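Bear in mind these aren't lab numbers, they're just calculated from the coordinates by the rules spelled out. Values in this document were obtained by computation on a predicted structure and should not be read as measured data. Here the Cβ positions follow ideal geometry from the backbone for every residue, glycine too, while neighbour counts run over all protein chains shown.
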Amino acid sequence: MYRRSRIRNEFVRLLQDPLLTIGLILVSIFVFIAIVLPIIAMVGAGFSAEGLPFFQRYVGEPVYQTIIGNTIVLGLTVATLGTLIGFLFAYVQVKVKAPFKRFMHFIALVPIISPPFALASAVILLFGRNGLITKGVFDTRCLWGSGRNCNDIYGLDGLTLVLSLSLFTVAYLNFKGMLQALDPALDEAATNLGASKWHTFRTVTIPMLLPGFASSFLLLFVEAIADLGNPLVLGGNFEVLATRIYVSIVGLYDTTAAAVLSIVLLVPSLTVFIIQRYWINRASVVSVTGKPTGQPQLITHPVMRWVLWGAVMVICVLVVAIYATIFVGAFTRVLGVNNEFTLDNFNFVINGYGAEAMGDTTWLSALATPVAGILGIFIAFLIVRKAFAGRTLLDFATMLGIAVPGTILGIGYLVVFNNPIELTLVSSPDNPVVLTLLPKLTGGRAIFGGALAIILVYIARSTPAALRAGVSLLSQIDPTIEEASTSLGANSAQTFRRITLPLIRPAFLSGLIYAFARSMTTISAIVFLTTPQTKIMTAQILNEVENGRFGNAFAYCVILIGIVLVTIGILYFVVGARTGAERLGGGR
């Protein structure tokens, strides 16, 4: 009885704010159509009469037990290492007095803006059995492994290296925004009470960042276990669920088996998600309660300062080496074999299909980016600030966009939307009225050659990052700031636009950057949705890699990276890099 009364009261409060109610309805409809419905179709196929026998096979056979174990180990390893690297970069950037901070920030942004298999290809050229470093610089010395596995970059080691470097940017942007939003008065108070820097870091800074650690770990974990490009190139004998799903569809044409495997893959994602929510709900981490006071205290201790800075620079050098390989390889006929300078690779890209692919990819990503950023922040606002029945379900449904393998989401679109969904309204037996609820999403003029389906996938895959960044930052902000605005007569829309949005500007910016970069570089989610009318750069790059034309693939990557970097600069200029607390308080 009490629960029903509480739900009724929450529903009444929502109805008192029509704009908020309409926004919640529209968001819920979009999440259901773009994320939940395709997944339901795949789950339905998995639990069909044809799919149930696969469950016993995949759970009982040692081969599949190994694949499931590999997936979990890879996800946990990458999530842990990537989160720590992201925190290290952000902490040095905000809290340590160190040189070359702009350089470090630039290097931290680079890994997220290139296709994963391009990064993997560069790592093979550098650290493979005949790599430029393992064979050229160190001759035949064994950098890692032993015997036949000496310098074998394939498998867990290579995947951990590539995925950690590819994904730590997500954690970096998340932690950087949170650290900038921390009130310096907290450190000053701890210092005045006699606390050391280490004690302040352990008892003040880390507890305030718990939501960031939890959300970053979740994002990196689900990205790692759902990644397809890197395991295809670097997996070797270390097979994971994503590649097995891909083989089931592309090689065996067995959608049912792929659906069953996708259900298996949802289990660890759901487990980490529940743990993350439990951790955040138990922690109270409010830090922004108005205008920030005091000056930020930077670490100036010589030993600690240079140790932290040195660790960051080592990672920066590694990232520079990898991307230098991509850049040099784009201007070389066959890097390491025929190092002759050439522009033929760029000529192939620009004068071939590349020009059309560049235009289509950039245009579709530009359309999806603001929608994903605004949608993620708005859902975060609803989840953290508003009490209504089903907000946990809305959070979980949105996160499914990144928790399931991109290949399965793309196949789900084909299964659900390949035929129009219609509702027949019978006005008379001889004159039925057919209402098209959802048009056909693959092919035809209705979606401009598959473009609408690709945009929906881009939004579905990018919104969770903005959502988690928004939830992390909103968890730090005292709700009494917004309550004061409401008590002065502002409605929810005005409060969100004038108070909440400026405060969570860093999360909004990171969500936009992630959305555009991931849309430009994704492949697994849209590999089955591209058509002759809609060409995507990552699909073209994958085709070049599969045919061994690495120079052409690297040329594609250089152009793609240039487009993303220019766009990131525009986003910083338009959205702004100052924290919301500074803007609200008028700066320091």
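Starting from the Cα gyration tensor of the range 11-125, take the square roots of the eigenvalues, sort them a ≥ b ≥ c, and report rounded, prolate or oblate (rounded when a/c is under 1.5, otherwise prolate if a/b is larger than b/c, else oblate). The shape class here is oblate. Scanning residues 5 or more positions from Thr332 or on other chains, those with amide H under 5 Å from its amide H are Thr342, with H placed 1.01 Å from N in the peptide plane.
Couplings 3J(HN,Hα) of the range 536-542, computed from phi: 10, 4, 5, 5, 5, 5, 4 Hz, in residue order, whole Hz [Karplus 6.51 cos²θ - 1.76 cosθ + 1.60, θ = phi - 60°; x for Gly and Pro].
Amide H contacts under 5 Å for Phe528: none, restricted to partners 5 or more places along the chain or on a different chain, H placed in the peptide plane at 1.01 Å from N.
At a Förster radius of 45 Å, what calculated FRET efficiency corresponds to the Cβ-Cβ distance of Leu252 and Ala324, to the nearest 0.05?
On the way: r = 39 Å, r/R0 = 0.88.
Here the calculated transfer efficiency is 0.70.
Sorting 375-385, 104-114 by their mean Cβ neighbour count within 10 Å, with the most densely packed peptide first, gives 375-385, 104-114.
Close amide-amide hydrogen proximity is noted between Ile299 and Val96, Lys97, each under 5 Å apart and 5 or more residues distant or on a separate chain (H modeled in the peptide plane; Pro and chain starts excluded).
Using 0.36 nm per residue, how much length does the chain from Ser487 to Leu19 gain when fully extended, once their Cα-Cα distance is taken away?
Result: 166.7 nm gained on full extension.
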